[in-house]
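Only one structure is covered here, and it is reproduced in the block below.
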Amino acid sequence: MEQVIMNKSGFPILSALIFLPIAGALLLLLINRTKEALIKWLSLIVSIAAFILSIPLFTNFDKTTHLMQFTEKHKWIPLWNVNYSLGLDGISVLFVLLSTLITILCVLISWDSIKVKAKEFYISILIMEGAMIGVFCSLDFMLFYLFWEAMLIPMYLLIGVWGGPNRIYAAVKFFLYTLVGSVLMLVGIIVLYFHAGQTFNILELMAKAYPYKLQFWLFWAFFAAFAVKVPMFPVHTWLPDAHTEAPTAGSVILAAVLIKMGAYGFLRFSLPLFPEASKAMTPLMLTLSVIAIIYGAVICLAQTDLKRLIAYSSVSHMGFVTLGIFALNVQGMEGGILQMINHGIVTGALFLSVGMIYDRTHTRQIADYGGVASVMPVYAAAFMIFTLASIGLPATNGFIGEFLIILGGFAASQWAGVLAATGIIIGAGYMLWLYQRVFFMETNTKVAGLNDINAREMLALLPLALLIFWIGVYPNAFLGFMHESVRHLLERVNAGSASEINIAKNIMEILK
Amino acid sequence: MTPFVMPDLRPVMPEIIMTIFALVALLADLFLKRKETVGFLSVISVAAVIYALAGSYGTTFNGMFIADGYSLFFKLVFLLNLTLTVLISVKYIAVEKVNFGEYYSLILFSTLGMMIMASAGDLIVLYLGIELMALSTYILAGFIRYDTKSNEAAMKYFLLGAFASAFLLYGIALIYGLTGTTDLHKIGESVNRLIGESKTSSSIHPFTHSPLLLSMIMFAAAFSFKIAAVPFHMWAPDAYEGAPTSITAFMSVGPKAAGFAVIGRVFLTAFGSVKMEWSAILIPVAILTMAAGNIAALSQTNIKRMLAYSSIAHAGYALLGIIAGSADGVASVMNYMLIYAFMNMGAFAVVITLRAEGFKGDNISDYEGLAKTHPAAAALMLVFMFSLTGIPPTAGFMGKFYVFMSAVNAGYTWLVIIAVIFSAISAYFYLRIVMYMYMREPKETVRLTASPSISLALAITAIAVLVIGILPSAFVNFARAAAGF
C-alpha cells in the first residue's frame, strides 16, 4: 500500500509496546498477592521498560512525511477482512509517549496509597497502558474498537474499587456513558464497512469518498463516541464524577490520556472520513466548544472540592482542544493537538499533586486547606508551576497551545476567538483563587505539621515540570512532529467544496 | 404392496447411539451405587456420539431426517451443553440431595430430543424432537421434589409448554391443510407456488392469504416459547429460578439453541419465499424481547432470575440474525449460540459453586465482596459478565458483532441501533454483579463448593470465552461452513 512507510528497523516496536504491559499484567496474575513489594517493583520495572521502549518513537520518527510509520500488518480475521494493523503518524505518536510516561507516574504515585487489592490494581494499570497504546496505534477499525472498549474494563475497576466514597455511582456512570457512545460508533463502523466494500482498514477507508447523506449520519454516530469521551458539552457530566471519585492514578490516566482519545478520534476518523459533514457541522462544533470553555470555567469558580475543580477545568480545557480542531486551519489544529499533550501533562500533574496532599489529609475540601505553602514549600512551588501552566503563562506549554488555538479560532470565527479568550481569563481567576485558598492565608489546623513531599513524589512530578518548560520554551521540538500530518489532513478536509453551508437547512434536508 | 426396504441408518446413527446410552444410563442407575459413574457414562456417550457424528451425513427416512452441516453444528452445541451440564452437576446434585442416576438419563434424552429437532426435515419429526426434549426438561426442572419452588417451576414450564405444543400442532395442521404435506422442502415448494399464483392473479396478497399467515404466526408463537421470546417468555423467570441451578443452565442454552435450529430450518426452508411476511412477525418480537429481557433484568435480586431475563434478551439479539435471513445471518446465529453456551454455562458454573450445604447462594447480595474472599471465582465471573455484556476482548463481543454485521448487511441498520442501545443498558445489570464482587465488602463468609469437575467446566468456558474473543476466525469459519457456504 503506497500510503505506508515500512517499518525500517524490522522490529515490531508497536506490538512490543502494546503487549509488554499486558504480559507484565499476566505475570502479576501469577504472583502471590501477599508479595506486595514484588508486585509494585515489577509493575514499576515493566512501565519503565515500556517507556524506554517508546523512546525510539521520539528519536527515530521521520518528521518529513505524513505517512504511517513503524507499521505492522498481519492477518487476523480473514473472513471479515480484519487485519492486525498498526502504525503511527504525526498526530498519534506523541500520545503513545504520553501514555508510557504517565503510566510510570501512576505506579509511583500509587506506591503507598493503594493498600487493598494491590495486585488487581497494578494489573488494571498495566492492562490499561497496553489498551491505551493500542488505541493510538491501530490502523484497523476492528482492532481500534477492541482496544477502545477493552479499556473500559480496567478503568471501571480503577474507579469503582479504589475510588472515593461515591465511587460506585461514578464508575457506573462512566461506563454507561462511554458504552452508549461506543456502541453507536460500532454501528457506524459496520455501516462504513459495507459501504466501502468490506474493509476495516482505516487508510483504505480514508482513500474513498462517501455521499454526503451517509457522511452526515456517520459523523453523528462517531460523534456519539468521541464527544462523550472528550467530553464535550452537554455530555460531559460523567467526567466530574469520574475524576473526583477515581483514585489519583485513575484521575491521572483519565485526564492525561483517556479523554484525549475523543479528540484524537475526531482527528483520526471524523475529519478525514467525513470531510464534508465535518465542515458542515463546524459552526455547531465551535459553538459547543465555546460553551464548554466558558461553562466549564464558570462552574470551576463555584467548586469547593479540589478534584472536582480540576475536573471541571478539564471540561474547559478540552473545549479549547475541540475549538482548535474544528477551526480547521493549521494553527488551530496544531494548537489543539499540542494542547491535548499539554493538558495531559498539566492536568495529570495537578491530579498527582492533589493526590499527594490527599494522601496526607484525606480531604478534598478546599476549605480544609490554607497556608500549605508554609508547611510544604517544595510542594507549593511545584503546584505553582502547574497552576501557571494551566493558566497559560508565557514560557509554559499552556501558553503555546492556547495561543495557537485562539489564533486558529479567531481565523475560523471571530466570535469563537473572542469568547474563548474570556475562558482564559476566567481560568486564571479560578486557578489563582484556588492557589490562594490552599497555599496562602491562615494555616489550617488540618494541614499543620504535614511532611513535605518525599523523593518518590518529587520524582513523579519532575518530568512533568520539565516538559512544561521544554514545550513552553521550544515548542518546535513537538510541533515538528505534526506539521506534515496536519497539513495532509487539512488538505483532505478542505478538498471538498469550500462554500458556506447553512447548518439548519442542511439538517432539515437530511431529515426529509 | 412394496417390500420393506431398510432405510439408511448412517445419518441417524448418532441419535441411535444416544438413545442406547440414555437407556443404559437408566439401567446402570439400578446397579451403581456411585451416581457419579452415571455422570461419567454420559460424558462417554458424548464422545461416542461425536465419533458417530463424523460419519453421519445425508438424508434418510424419505427426507424426514436430515444430517447436514447445519444440524451437525447445532448437535455439537447441544453436546457441549450436555458435557458442561454434567460437569457442573456432579457435585451440585449431591449438595441438593437429589443424587439420582435418572438425572443424567433425562439430560441425555433431552439432548436427544434437541438433536432430532436440529435434523428434522419434516414437521412430524420436529414435533417428536420438541416433545422429547420438553418432557425430559419438565421433569428435570422439578427434580428437587421436596422443594416447592422446583415443583412450581416444573408445573409452570409444563403448562405453558403444553400450550406451545398445541400452537405448534395447530400450525402444522394449517400448513398441512394448505400444502398437503409435512415435508419442509415440499412445503417450501408449495408456498413458493402459492406466492407465484398470488402474484400473477394480483388479487391475493400473501398477507391476505390468511391460512399461511396464521400458520406462520402459530409456528412463531411455538418457537418463541422455546427460545423464551416475548410475549411467550413469562414462564422463563419462574422456571429458571425454581429449577435446580444446573438444569437452569442446561435449559438456558440447550432448548434455546434447539429452538433457533428449528426456527432457522422452518422459516428459511419452508417459508423462504415469504421472508418479508415472517420478518414482519419476528421484528416486533425481537425488539420486545430485547426490551423486556434487558429492562426486567435491571431490578432482579436473584441471580438466577437475572440470568433468566438476560437469556431472554440474548434470544432477542440472536433473532436479528434470523431476521437478516441471509446465509451469513444464519451462520451468525449459530456462532452466537455456541458462544452463548460457553459464556452462560460459565456464569452458571460460578453460581453453582456458591451453593453449599445450608446456603443457597443465589441472591445477588451473596456476591458481595467475593473478590476478597474468593478472587479466582470473582475474576472468572467478571470475565463471563463482561462477555455477556459484549465487551471485547471476550467472545460475547464477537458473537454480537457477527449478528449485528449480518443484520446491517441485510439492511436492518435501524434494528441494530435498537439492539446496541439495549446492549448498553444490559451493561448495568451485568456490571452490578461485578460491582458487588469487587466494590463491596463481604458481609458473611461464603464457602465455595469446589470440585474437580466444576473447575474443569470453568476452565473450559473461561478459556473458550477469551480465545474466541481474540481469535474468532476458526469458530466463525466453522459456523459459516456449517451454514452451507
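Those residues that are closer than 12 Å to B:A153 by Cα and either buried (at least 24 other Cβ atoms within 10 Å of the Cβ) or touching a His at 6+ places or on another chain (Cβ under 9 Å) (or both), I need them from segment B:224-244; list them, please.
Within segment B:224-244, the subset closer than 12 Å to B:A153 by Cα is B:234-244.
Those that are closer than 12 Å to B:A153 by Cα and either buried (at least 24 other Cβ atoms within 10 Å of the Cβ) or touching a His at 6+ places or on another chain (Cβ under 9 Å) (or both): B:A236, B:P237, B:A239, B:Y240, B:G242, B:A243, B:P244.
For residues in segment B:421-434 being among the hydrophobic types (A, V, I, L, M, F, W, C) and buried (at least 23 other Cβ atoms within 10 Å of the Cβ), which is farthest from the other protein chains (Cβ to nearest Cβ)?
Narrowing segment B:421-434 to residues among the hydrophobic types (A, V, I, L, M, F, W, C): B:421-422, B:424-425, B:427, B:429, B:431, B:433-434.
Going one step further and asking which of them are buried (at least 23 other Cβ atoms within 10 Å of the Cβ), we end up with B:427, B:429, B:431, B:433-434.
On the way: B:A427: 5, B:F429: 11, B:L431: 6, B:I433: 12, B:V434: 8 Å.
Applying the filter and picking the extreme gives B:I433.
Would you confirm whether or not segment B:7-26 contains a residue that is of a type in the set (D, E, K, R) and over 23 Å from the mean Cα position of the chain (by Cα)? Lay out the reasoning, then the answer.
Within segment B:7-26, the subset of a type in the set (D, E, K, R) is B:8, B:10, B:15.
From what's left, over 23 Å from the mean Cα position of the chain (by Cα): B:8, B:10.
Checked segment B:7-26: at least one residue is of a type in the set (D, E, K, R) and over 23 Å from the mean Cα position of the chain (by Cα).
From the list A:L27, A:L17, A:L44, A:L57, exactly one residue is surrounded by 13 or more Cβ atoms within 10 Å (Cβ to Cβ), part of a helix (DSSP H, G or I) and in contact with a Cys (Cβ under 8 Å, 6 or more places away or on another chain). Which is it?
Answer to the selection: A:L17.
Tell me yes or no: at least one residue of segment A:121-139 is more than 28 Å from A:L306 (Cβ to Cβ), within 14 Å of chain B (Cβ to nearest Cβ) and either modelled with pLDDT under 90 or not in a helix (DSSP H, G or I) (or both).
Taking every residue of segment A:121-139 in turn, at least one turns out to be more than 28 Å from A:L306 (Cβ to Cβ), within 14 Å of chain B (Cβ to nearest Cβ) and either modelled with pLDDT under 90 or not in a helix (DSSP H, G or I) (or both).
In this structure, is B:V416 in contact (Cβ under 8 Å) with a residue 12 or more places away in the chain, buried (at least 24 other Cβ atoms within 10 Å of the Cβ), touching a helix residue (DSSP H, G or I) at 6+ places or on another chain (Cβ under 6 Å) and facing chain A (nearest Cβ under 8 Å)?
Details: in contact (Cβ under 8 Å) with a residue 12 or more places away in the chain: yes; buried (at least 24 other Cβ atoms within 10 Å of the Cβ): yes; touching a helix residue (DSSP H, G or I) at 6+ places or on another chain (Cβ under 6 Å): yes; facing chain A (nearest Cβ under 8 Å): yes.
Yes, satisfied.
Search segment B:95-107 for residues that are within 11 Å of B:L140 (Cα to Cα) and without any contact (Cβ under 8 Å) to a residue 40 or more places away in the chain and pair each with any residue that is in a helix (DSSP H, G or I) and among the hydroxyl-bearing types (S, T, Y) when their beta-carbon atoms are under 9 Å apart and the residues are at least 6 apart or on different chains.
These pairs meet every condition: B:L106/B:S136; B:L106/B:T137.
On the given criteria, is A:L338 more than 17 Å from A:I294 (Cβ to Cβ) and part of a helix (DSSP H, G or I)?
Working: more than 17 Å from A:I294 (Cβ to Cβ): yes; part of a helix (DSSP H, G or I): yes.
Taking the combined requirement at face value, the residue satisfies it.
Taking A:T244, is it touching a residue at least 60 places away in the same chain (Cβ under 8 Å) and in contact with a strand residue (DSSP E or B) (Cβ under 8 Å, 6 or more places away or on another chain)?
Values: touching a residue at least 60 places away in the same chain (Cβ under 8 Å): yes; in contact with a strand residue (DSSP E or B) (Cβ under 8 Å, 6 or more places away or on another chain): yes.
Yes; evaluated as a whole, the condition is true for this residue.
Among the residues of segment A:174-202, count how many are more than 7 Å from every other protein chain (Cβ to nearest Cβ) and either over 19 Å from B:F422 (Cβ atoms) or surrounded by fewer than 19 Cβ atoms within 10 Å (Cβ to Cβ) (or both).
Number satisfying all stated conditions: 11.
Would you please name the residue that is farthest from A:F266 (Cα to Cα), looking only at residues in segment A:79-113 that are in a loop (DSSP other than H, G, I, E, B) and in contact with a Ser or Thr (Cβ under 9 Å, 6 or more places away or on another chain)? Steps first, answer last, please.
Residues of segment A:79-113 in a loop (DSSP other than H, G, I, E, B): A:81, A:89-92, A:111-113.
Adding the requirement that they be in contact with a Ser or Thr (Cβ under 9 Å, 6 or more places away or on another chain) leaves A:81, A:89-92, A:113.
Values: A:N81: 24, A:D89: 15, A:G90: 15, A:I91: 11, A:S92: 12, A:S113: 36 Å.
Out of the qualifying residues, it is A:S113.
What is the number of the single condition among (1) part of a helix (DSSP H, G or I); (2) touching a residue at least 24 places away in the same chain (Cβ under 8 Å); (3) within 9 Å of chain B (Cβ to nearest Cβ); (4) farther than 23 Å from A:I77 by Cα that A:V116 does not meet?
It fails just one condition, (1).
Residues in segment A:53-72: is at least one among the β-branched types (V, I, T) and modelled with pLDDT of 90 or more? Break it down into steps so the answer makes sense when it comes.
Initially, segment A:53-72 is screened for residues among the β-branched types (V, I, T), giving A:55, A:59, A:64-65, A:71.
Among the residues that remain, those that are also modelled with pLDDT of 90 or more are: none.
The answer is no; no qualifying residue exists.
Examine segment B:416-436 for a residue that is assigned to a loop (DSSP other than H, G, I, E, B) and hydroxyl-bearing (S, T, Y), and state whether such a residue exists.
Of all residues in segment B:416-436, those assigned to a loop (DSSP other than H, G, I, E, B) come to none.
No, every residue in segment B:416-436 fails to be assigned to a loop (DSSP other than H, G, I, E, B) and hydroxyl-bearing (S, T, Y).
Which numbered condition in (1) buried (at least 24 other Cβ atoms within 10 Å of the Cβ); (2) more than 8 Å from chain A (Cβ to nearest Cβ) is the only one that B:G369 fails?
It is condition (1) that B:G369 fails.
Starting from segment B:368-396, keep only residues that are in contact (Cβ under 8 Å) with a residue 12 or more places away in the chain and of a type outside the set (S, T, N, Q), then list their pairs with residues that are crowded, with 24+ Cβ neighbours inside 10 Å and not in a helix (DSSP H, G or I) whose Cβ atoms are within a distance under 7 Å, requiring at least 6 positions of separation or different chains.
What qualifies is B:V383/B:T394; B:F386/B:T394; B:G396/B:G390.
Since B:T449 meets every condition but one in (1) among the hydroxyl-bearing types (S, T, Y); (2) within 23 Å of the chain's Cα centre (by Cα); (3) more than 9 Å from chain A (Cβ to nearest Cβ), which condition does it not meet?
It fails just one condition, (2).
Within segment A:133-154, track down each residue that is aliphatic (A, V, I, L, M) and either in contact with a Cys (Cβ under 7 Å, 6 or more places away or on another chain) or under 18 Å from A:A171 (Cβ atoms) (or both).
The initial filter retains those residues of segment A:133-154 that are aliphatic (A, V, I, L, M), namely A:133, A:135, A:139, A:142-143, A:146, A:150-153.
Scanning segment A:133-154 gives A:A150, A:M151, A:L152, A:I153.
Name the pairs whose Cβ atoms lie under 8 Å apart, with the first residue in segment A:43-63 and under 15 Å from A:G24 (Cα atoms), the second of a type in the set (S, T, N, Q) and modelled with pLDDT of 85 or more, and 6 or more positions between them or separate chains?
That search, which allows pairs on different chains as well, returns A:S47/A:T100; A:S47/A:T103; A:A50/A:T100; A:A50/A:T103; A:F51/A:T100; A:F51/A:T103; A:L53/A:T100.
Can you go through A:I453, A:I426 and tell me which one is modelled with pLDDT of 90 or more and surrounded by 13 or more Cβ atoms within 10 Å (Cβ to Cβ)?
Details: A:I453 fails: modelled with pLDDT of 90 or more.
Result of the check over A:I453, A:I426: A:I426.
Taking segment A:363-402 on its own, how many of its residues are under 27 Å from the mean Cα position of the chain (by Cα) and more than 30 Å from A:V290 (Cβ to Cβ)?
Residues meeting the conditions: 6.
I'm trying to understand the selection: among the residues of segment B:351-388, which are within 22 Å of B:I93 (Cα to Cα) and either among the basic types (K, R) or outside any helix (DSSP H, G or I) (or both)? First the steps, then the outcome.
Applying the first criterion (within 22 Å of B:I93 (Cα to Cα)) to segment B:351-388 yields B:351-364, B:366-367, B:377, B:381.
Within segment B:351-388, B:R355, B:A356, B:E357, B:G358, B:F359, B:K360, B:G361, B:D362, B:N363 meet the criteria.
Of everything in segment A:154-173, what is assigned to a helix (DSSP H, G or I), surrounded by fewer than 21 Cβ atoms within 10 Å (Cβ to Cβ) and touching a residue at least 40 places away in the same chain (Cβ under 8 Å)? Give them in sequence order. Show your work before the answer.
Kept after step one, since they are assigned to a helix (DSSP H, G or I), are these residues of segment A:154-173: A:154-162, A:167-173.
Then keep just the ones that are surrounded by fewer than 21 Cβ atoms within 10 Å (Cβ to Cβ); that gives A:168-169, A:173.
Listed by number, the residues that qualify are A:Y169, A:K173.
Go through segment B:119-147 and report how many residues are buried (at least 22 other Cβ atoms within 10 Å of the Cβ), of a type in the set (S, T, Y) and farther than 24 Å from B:S89 by Cα.
Looking only at that region, the number is 1.
Just checking, which of A:A280, A:A292 is of a type in the set (A, V, I, L, M) and more than 22 Å from the chain's Cα centre (by Cα)? Working first, answer last.
Working: A:A292 fails: more than 22 Å from the chain's Cα centre (by Cα).
A:A280 is the lone residue from the list that is of a type in the set (A, V, I, L, M) and more than 22 Å from the chain's Cα centre (by Cα).
Kindly provide the set of residues from segment B:459-472 that are within 10 Å of chain A (Cβ to nearest Cβ) and either under 20 Å from B:G264 (Cβ atoms) or touching a helix residue (DSSP H, G or I) at 6+ places or on another chain (Cβ under 6 Å) (or both), ordered by number. I'd like the intermediate steps shown before the answer.
Taking segment B:459-472 as the starting set, the residues that turn out to be within 10 Å of chain A (Cβ to nearest Cβ) are B:469-472.
The answer is B:G469, B:P472.
The values are calculated or read from the model by the stated rules, or taken from the named source; none is laboratory data. Just so it is clear, the model here is predicted, and its values are computed rather than measured. Note: ideal-geometry Cβ built from the backbone for every residue, glycine included; neighbour counts use all protein chains shown.
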